[in-house]
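The values are calculated or read from the model by the stated rules, or taken from the named source; none is laboratory data. Remember, it's a predicted structure, so these values are computed and weren't measured experimentally. Backbone-built Cβ (ideal geometry, glycine too); neighbour counts: all protein chains shown.
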DNA sequence: TATGAATGAGCCTTCATTCAT
DNA sequence: CATGAATGAAGGCTCATTCAT
């Protein structure tokens, strides 16, 4: 639940104060994620992050040495944790590759996309040029593993004869692009666009279906 | 129509200085677009915008009452000019709808995507929640007309029997999402990601091909 | 009587912990003196003082109500203990006044100058205008007794015919100034000046000799 | 008079505003010197420096990139300018070396000691360990040239037979120490010590006399 | 007593905005 | 119209001080 899997604390030795101390970093990271995603990095004041986490300005600096450090920690703590799980799910998956692709997209939406966590994508995109090293981190820890995972899925489909052979590298971007798009949509456009309804679940199903009919043997 | 190019004005009785005077606002808008896209709104200093436009800080405020006003003007001035042309091209287009879709995507890349203009998309997305009214613009001036244009194209395909009947509203997003994705890619990730090669022209062709095979009659 | 040395207490019924408790204030004063002299009052953090004394930040405030209070206590506790001894030594001194002056200067260097205690002089000087009342202490407790002691020595020399009559008040400053100078030298310049060698013992001997014999040919 | 010897500005082209701009740095340096000497570096707020110079906080940062930069500029601008003059005066001096020494000390007092500039010595001493590079600068630009100048004077006295041969290196410190002492006295002790009168001019004369003639009966 | 997590006033620094020239 | 020196509100960060444990 927290970053550092913490042993049960209910026993005698741990006081309320101490329990707060251990929870603080995550509370601050959550608050920061919310505000960074909502207003952008520069437009968010550390004081507001602290307030949202229920602490004072000074407390934040007990746990993060600077606003930028907080930014990196936010990105780090919300990424990359899912890939081990997903890679394992991929290895153990029993159904067809078609089902697998649908499952992958839908579970992304449920676990990430429909969550504040997808704001990270928007955040990294928005602030990329101001924090090149963060982008490096994002590329290595998120983009590349994600790309590889999708590529493996597509290759599985080709290998077992479901799909005809095609350029999987480019095809991955056809999947990734809607993930990026829905991240933007959720955190940027949709809150402001009263019209323009879009049901992500249906959209994802249709999108994958359309692509796959193009990839299937005729 | 590009950022730096200006149509020859020597024929009229306009002196060089006066020409500069008239060009000022546009030069400032171009400079602002460049920097806002590159660094974000908050991280861009008006002084740098002025410097890039070749004028002093004070001059900028002769034309735009505030930094926020400049931001909105940047968005406004870079929107919506293309749709009349595209709508006309659509009406006059002679080939198949498949060809038409490829043409639409490729010409978007050539005229917008591969240009500073696509930075608008990134910009609006990045700063959306701080400027809700700007998103309103964008929705009315860009997203909605774009959606309608693609929808008309898809409907044309259905009407003339090329495509089977399908949910065109959602299908449009399968096209729009890659446009959004490539805008982000060009202005955020690709400048920082040394690896992860992506050829937009090939990607767009493959993407449309895959989708259409899904949309075609089997 | 030196800063760190503490007389053996084991004989009494005082336990180790209690001994620590009684030693706390002095340990804090020693730590504060060290850091105040080294970095100045403002640049010294109370947390560092506490850490150097081996206690927590909170403990420091159990003994001193504020950083300023700590500062004043540092000055107070390091002053004035030497003059009774020196006055007695003066009264009992058997040799010539020339010998006496040399002895006074050399023993100042050994007992004070070459010790953290001379940092007090630097400290008072550096922070004087921010703590005028501290300077009052210092004047009454150190400068005035010191001046009187030197004046008595010089007067002794005049009285017993070793010296010709001269303005002893001003002459005292010729002695005091090198004491002040060596205090500064030890705690400010010499740690930073790799070149500029100065041997205080030799310098003090030469200085006193010069004052007494002069540089001219007789 | 100012740092960058400025051409006469009274002619037409220079407006009031521009004249201020050229005067600002020196005004700020003067204000900073005053406050740094009076309260120390850390205890001085840049806002107070700006206020004393008659400008706003922001203006100060137009001319100095940081408080530390201002500190270094203060030290730099008030030092080292006198040595060329003094070296020349030494070369052209006609009288005896005894007269020369008296002249050197008295003119130091008039031109530096009795001025805010002597506060620099106190300032460097107080903040030495926090700004080691400043001390390096001070040693090279001030202490060393000063030492050499005095040494040349003493050597002149030995060479022309006025003085007997003695250790000039150490003797220089007998002169330098009173310079340091009077700097401290003026800026630290004397403002707080209502008693303890000290007339620097008389003290300097007596000090030099004593060093040269000694206190003993001949 | 001792601890150290928490606080928040205060300071350095930035930068959008103004205005005298 | 254009300039750029000047402003001052705002925000990141520090650190003396408090207080629950």
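Condition check ((1) assigned to a helix (DSSP H, G or I); (2) more than 10 Å from chain B (Cβ to nearest Cβ); (3) in contact with a helix residue (DSSP H, G or I) (Cβ under 9 Å, 6 or more places away or on another chain)) across all residues:
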{"site": "A:154", "(1), (2), (3)": "yes, yes, yes"}
{"site": "A:158", "(1), (2), (3)": "yes, yes, yes"}
{"site": "A:165", "(1), (2), (3)": "no, yes, yes"}
{"site": "A:170", "(1), (2), (3)": "yes, no, yes"}
{"site": "A:177", "(1), (2), (3)": "yes, no, yes"}
{"site": "A:185", "(1), (2), (3)": "yes, no, yes"}
{"site": "A:188", "(1), (2), (3)": "yes, no, yes"}
{"site": "A:193", "(1), (2), (3)": "no, no, yes"}
{"site": "A:198", "(1), (2), (3)": "no, no, yes"}
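Within segment A:118-129, one or more residues are touching a helix residue (DSSP H, G or I) at 6+ places or on another chain (Cβ under 9 Å) and surrounded by fewer than 18 Cβ atoms within 10 Å (Cβ to Cβ). None of A:148, A:139 is out of contact with any helix residue (DSSP H, G or I) (no Cβ under 7 Å at 6 or more places or on another chain), closer than 16 Å to residue B:184 by Cβ and either part of a helix (DSSP H, G or I) or within 7 Å of chain B (Cβ to nearest Cβ) (or both) except A:139. Taken residue by residue, segment D:39-58 has at least one member that is near DNA strand E (Cβ under 8 Å from one of its atoms), loosely packed, with under 13 Cβ neighbours inside 10 Å and either touching a residue at least 12 places away in the same chain (Cβ under 8 Å) or within 14 Å of another protein chain (Cβ to nearest Cβ) (or both). Can you find a residue that is without any contact (Cβ under 8 Å) to a residue 40 or more places away in the chain and over 30 Å from residue D:36 (Cα atoms) anywhere in segment C:118-130? Within segment C:118-130 (the criterion being without any contact (Cβ under 8 Å) to a residue 40 or more places away in the chain and over 30 Å from residue D:36 (Cα atoms)), the answer is no, since none of the residues qualifies. Restricting C:201, C:208 to residues that are at pLDDT 95 or above and closer than 18 Å to residue D:212 by Cα narrows the list to C:208.
Return yes or no: is residue C:197 over 23 Å from residue C:88 (Cα atoms) and under 16 Å from the mean Cα position of the chain (by Cα)? When the stated conditions are applied, residue C:197 does not pass them.
Inspect segment A:115-131 for any residue being more than 16 Å from DNA strand F (Cβ to nearest atom) and more than 14 Å from chain B (Cβ to nearest Cβ) and give the result as yes or no. Scanning segment A:115-131, I find at least one residue that is more than 16 Å from DNA strand F (Cβ to nearest atom) and more than 14 Å from chain B (Cβ to nearest Cβ), so the answer is yes. Taking residues in segment D:60-76 that are more than 16 Å from residue D:22 (Cβ to Cβ) and within 14 Å of chain C (Cβ to nearest Cβ), and partners anywhere that are within 7 Å of DNA strand E (Cβ to nearest atom) and assigned to a helix (DSSP H, G or I), the pairs with Cβ atoms closer than 9 Å and at least 6 places apart or on different chains are D:67/D:46. Residue count for segment C:183-204 satisfying the condition of being over 27 Å from residue C:39 (Cβ atoms) and buried (at least 16 other Cβ atoms within 10 Å of the Cβ): 1. For segment A:71-109, filtering for residues that are exposed (fewer than 14 other Cβ atoms within 10 Å of the Cβ) and closer than 21 Å to residue A:211 by Cα leaves 3. Among the residues making up segment C:65-74, those that are near DNA strand F (Cβ under 8 Å from one of its atoms) and either under 14 Å from residue C:24 (Cβ atoms) or part of a helix (DSSP H, G or I) (or both) are C:67, C:68, C:69, C:70. For segment C:154-171, the tally of residues that are crowded, with 20+ Cβ neighbours inside 10 Å and within 24 Å of residue D:200 (Cβ to Cβ) stands at 3. Scanning segment C:200-218 for residues that are part of a helix (DSSP H, G or I) and facing another protein chain (nearest Cβ under 7 Å) gives C:202, C:203, C:206, C:207, C:210, C:211, C:212, C:213. Got at least one residue in segment A:131-149 being buried (at least 22 other Cβ atoms within 10 Å of the Cβ) and over 19 Å from residue B:195 (Cα atoms)? No, because not a single residue in segment A:131-149 is buried (at least 22 other Cβ atoms within 10 Å of the Cβ) and over 19 Å from residue B:195 (Cα atoms).
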